[in-house]
Amino acid sequence: MNFGCPETSLQQMHDLLQVVDTALKEISSRQYAGGELYVDALQKVLGNRKRRGPDSIFIVFEIPGKDAVKGRVFFMNGDGFVEHSGSITMLESSAYAINLINGDIELSNWCDSCESIAHYQGKFHPAVKKVLARPISNFVSKKISGEPRGAIIAFNYPDEATTYDADVLNSLSVVIGSVVTLSTEMHETESAFNYTIEALARSCEAADEETGNHIVRVNRYSELLAKAIGMGGQFVRAIASSAQMHDVGKVHIPSFIIRKEGSLTDEEMTIMKQHPHFGAKIIGDAPRLSMAREIALSHHENWDGSGYPGAVKREDIPLSGRIVKVADIYDALRSKRSYKPALSHEQVLAIFRSGDDRVCPTEHFDPALLRAFFKIEHKMAGIYADLG
Ligand SMILES: [Fe+2]
Ligand SMILES: [Fe+2]
């Protein structure tokens, strides 16, 4: 028996941890299909030359839909791991597939059950033999639980397949299965979270005059502006879903003030200026909503400190708030309001260049964002055209 030596098992454990570590780092930004992680792990962990020979072959089976079991085939090529151009499809009801899917873990060497390797080939499905094209001398197979169900099989270990090899395949499938389950659950929670904050933003918007797609467009403009100034993926994703919460606090402002035609009295303006605080209070202190909270609180601050509610200046205004301010004002100018008609993109460009009686671009906007705006203004117009 060729048991794994301590050096090999340590190396394999290290390789497996590396696959898991990489997967976990990316888990919040992508959802793993089971197959791709199993392939990564097989390549890294079982591609180790000490336990693989030139005839080593791996198959990852999945049951993606009804009835069919589909297999992707990989073989060793020098130090590398190459996917075979052919794949395997067989019926889930075939005896071979039933054994695979129900058998949990199986370890088999030809000499334990047959008189010859040639005789041993009779154990395998014709579709498997056809794609492998090499005699099979041993294998370890492991059922994959979870979604999608399936199995992984490693064929043709050097000399014999051992209990050590079975343990490695078993650990691999348990660990990768957990990552896939975690990824699926995280993305379900993420969808529920996104649905909830959109529902909150929409329900508060109903109290406002800004109906329709205003909040969706502000999300999109903010995302574009954040990308245009070179912000990283995490910031861009956060602002693309947090910007829509900027005015949730308006739900506490009497509707006669929100819908008033013409300018507000000083007293009405004082009430209106409380909506950033109300918004921050509604959003609360959850770390996951910290950007939404800072946007709600800071989207009416001005670069020169003349805004509200904190009269904060320049970089003391959170970047997210400075971005949403540009996005929100662009959209407000493009849209019809009780106190003004809708303006064309060109009219808004003129205001962003030279200002008007309400907007003073150089005093109100972060200059870097104003420059970014002029670089991508055609894309902003495109969003309004698509979602207006
Ligand atoms: Fe606001
Ligand atoms: Fe708004």
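The values are calculated or read from the model by the stated rules, or taken from the named source; none is laboratory data. Just so it is clear, the model here is predicted, and its values are computed rather than measured. Cβ atoms come from the backbone with ideal geometry, glycine included; neighbour counts cover every protein chain shown.
Quick one: in the stretch 321-360, which of the residues that are basic (Lys, Arg) and under 17 Å from ALA372 (Cα atoms) is surrounded by the fewest Cβ atoms within 10 Å (Cβ to Cβ)? Outline the logic, then answer.
Within the stretch 321-360, the subset basic (Lys, Arg) is 322, 325, 334, 336-337, 340, 353, 358.
Restricting the remaining residues to those that are under 17 Å from ALA372 (Cα atoms) gives 322, 325, 353.
Values: ARG322: 24, LYS325: 25, ARG353: 11.
Ranking the qualifying residues of the stretch 321-360, first place goes to ARG353.
Restricting the search to the stretch 279-296, which residues are within 14 Å of ligand 2 (Cβ to nearest atom) and of a type in the set (A, V, I, L, M, F, W, C)? Walk me through how you get there before you give the answer.
As a first pass, look at the stretch 279-296 and keep what is within 14 Å of ligand 2 (Cβ to nearest atom): 279, 292, 295-296.
If the condition is that a residue be within 14 Å of ligand 2 (Cβ to nearest atom) and of a type in the set (A, V, I, L, M, F, W, C), then ALA292, ILE295, ALA296 are the ones that fit.
Do we find a residue being at pLDDT 90 or above and over 20 Å from the mean Cα position of the chain (by Cα) anywhere in the stretch 201-212? Give the derivation first.
From the stretch 201-212, those at pLDDT 90 or above are 201; that's our starting set.
Next, only the ones that are over 20 Å from the mean Cα position of the chain (by Cα) stay: 201.
Yes - at least one qualifying residue is present in the stretch 201-212.
Would you point out the residue of the stretch 106-146, among those that are in contact (Cβ under 8 Å) with a residue 12 or more places away in the chain and small (Gly, Ala, Ser), that is surrounded by the fewest Cβ atoms within 10 Å (Cβ to Cβ)?
Checked the stretch 106-146; the qualifying residue surrounded by the fewest Cβ atoms within 10 Å (Cβ to Cβ) is ALA118.
Return the total of residues in the stretch 329-380 being away from ligand 2 (no atom under 16 Å from the Cβ) and closer than 13 Å to LEU225 by Cα. Spell out how you get there, then give the answer.
Looking only at the stretch 329-380, we keep the residues that are away from ligand 2 (no atom under 16 Å from the Cβ), and these are 341, 344-347, 349-357, 360-363, 366-379.
Now narrow it down to the ones that are closer than 13 Å to LEU225 by Cα: 366-379.
Selection size over the stretch 329-380: 14.
Just to check your reading of the model, which residue among PRO287, PRO276, PRO318 is under 31 Å from the mean Cα position of the chain (by Cα) and buried (at least 21 other Cβ atoms within 10 Å of the Cβ)?
Numbers: PRO287 fails: buried (at least 21 other Cβ atoms within 10 Å of the Cβ); PRO318 fails: buried (at least 21 other Cβ atoms within 10 Å of the Cβ).
After applying the criteria, what remains is PRO276.
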